[in-house]
Amino acid sequence: MKENVFPCPVAKKCGGCQLTNMTYDEQLKFKQAKVIKLLGRFCHVDNIIGMKEPYHYRNKVQAAFGRTKSGMIISGVYQSSTHNIVKVDSCLIEDKKADEIIVTVRELLKSFHLTVYDDRTGKGFLRHVLVKRAFGTNEIMVVLVTGTPVFKSKNDFCKTLRSLHPEITTIVQNINNNFTSLVLGEKEIVLFGDGYITDELLGYKFRISPKSFYQINYAGTHILYSKAMEFADISKEDRVIDAYSGVGTIGIIASQYAKEVISVELNKDAVRDAKINASINNVKNIRFFCADATEFLLEAAKENEKINVVLMDPPRAGSTVAFMKSVCTLAPEKVVYVSCNPETLARDLFYFTKHGYKVKKIQPVDMFPHTNHVECVVRLCRT
């Protein structure tokens, strides 16, 4: 019988990890074959870069809270395709300290006479706990997502939590009283600390707030972004557009090599965070625009803007025909595509290769060990 090298007692119920029946070497071979099958027609696929330590890599951990039929408070993850909570105290891919903090919060609820939220009635206090840890600085944020702004004994609760976990640097209450699958609501109250944490990545500092997007695998992000910079091969005369730029991580890292970086993002909160990150790092040669990337690129093409490199990191759904058309109209010499979904990447590369670009390099990176997901960095050059 084959040894299970990932002995997770809730793997089948949780559904978060799909490759628990494979050794890590087997997982890498499986993902390499998957990428070759989907992308090998475009060019040679380099060997996948795996993790030296493929456990406890998630720097963002969130847990839903509820009660069993017997009334016991539990915390964990929603079972795949259901709204049932699978009780999880520790997870082999989540940060250990984050898991410990979540269990402590659950244990404190009873002593502080705090309830958990009931989705069916819309009543109760605690809905979710979100923990973010900056692996580069060891700063930790705890976000308590509540169904009501009323938080009895909040100062004592935070003091007790911090006494048990002195590594916590900030605690935020997020209020979400909507009937929604979204974890975070709009209103936030800082209970302790600054309301954000700061991480260090590739020599730069990045502020992370409760709603900030930040890659969940710190070690993997080093590899992914370093490879993206290598493929971009930016010179001091190059003007670069960072599309789907989020909080500006890739654009800020690219700024050290470029003459100018133009960062385009539609989410106004992300643009605000990106401007703060540029200021923290004293980066002067980057500009931020809160705009639709497609429209921005088309307007730049009309104005005959000279752009040498486009960096794009779209969501899992991939890019859009309209955006890719705008890139081809702008006609940069190089496009570096960072993808978290090789299926949609294959579709998008097909478009680019039909409209004046050739795929030169494909590098898979295993950002999410024990899951089906695999990231790729692709270098395209204008023919």
Search the range 235-248 for residues being crowded, with 22+ Cβ neighbours inside 10 Å and over 11 Å from L311 (Cα atoms), and hand back the single one that is modelled with the highest pLDDT. G248
Kindly check whether there is at least one residue in the range 34-41 that is within 30 Å of D199 (Cα to Cα) and either out of contact with any strand residue (DSSP E or B) (no Cβ under 8 Å at 6 or more places or on another chain) or not assigned by TED's automatic domain parsing to the domain that holds K354 (or both). no
Can you name every residue in the range 321-344 that is over 18 Å from D242 (Cβ atoms), under 24 Å from the mean Cα position of the chain (by Cα) and surrounded by 15 or more Cβ atoms within 10 Å (Cβ to Cβ)? N341, P342, T344
For the list (1) under 29 Å from Y57 (Cβ atoms); (2) charged (D, E, K, R); (3) surrounded by 19 or more Cβ atoms within 10 Å (Cβ to Cβ), I need the number of the one condition that K205 fails. (3)
Among (1) touching a Phe, Trp or Tyr at 6+ places or on another chain (Cβ under 7 Å); (2) of a type outside the set (V, I, T); (3) farther than 25 Å from Y196 by Cα, there is one condition D313 misses while meeting the rest; what is its number? (3)
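Being surrounded by 15 or more Cβ atoms within 10 Å (Cβ to Cβ), in a loop (DSSP other than H, G, I, E, B), at negative phi and hydrophobic (A, V, I, L, M, F, W, C): is that true of M367 here?
Working: surrounded by 15 or more Cβ atoms within 10 Å (Cβ to Cβ): yes; in a loop (DSSP other than H, G, I, E, B): yes; at negative phi: yes; hydrophobic (A, V, I, L, M, F, W, C): yes.
Spelling it out, M367 is indeed surrounded by 15 or more Cβ atoms within 10 Å (Cβ to Cβ), in a loop (DSSP other than H, G, I, E, B), at negative phi and hydrophobic (A, V, I, L, M, F, W, C).
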When every residue in the range 265-297 that is at pLDDT below 95, charged (D, E, K, R) and not in a helix (DSSP H, G or I) is compared, the one farthest from the chain's Cα centre (by Cα) is D292
Scanning the range 26-46 for residues that are without any contact (Cβ under 8 Å) to a residue 24 or more places away in the chain and either in a helix (DSSP H, G or I) or closer than 16 Å to L224 by Cβ (or both) gives E26, K29, F30, A33, I36, K37
What is the number of the single condition among (1) hydrophobic (A, V, I, L, M, F, W, C); (2) under 19 Å from the mean Cα position of the chain (by Cα); (3) surrounded by fewer than 18 Cβ atoms within 10 Å (Cβ to Cβ) that F179 does not meet? (2)
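The values are calculated or read from the model by the stated rules, or taken from the named source; none is laboratory data. Values in this document were obtained by computation on a predicted structure and should not be read as measured data. Cβ coordinates were reconstructed from backbone atoms using ideal geometry, including for glycine residues, and neighbour counts include every protein chain displayed.
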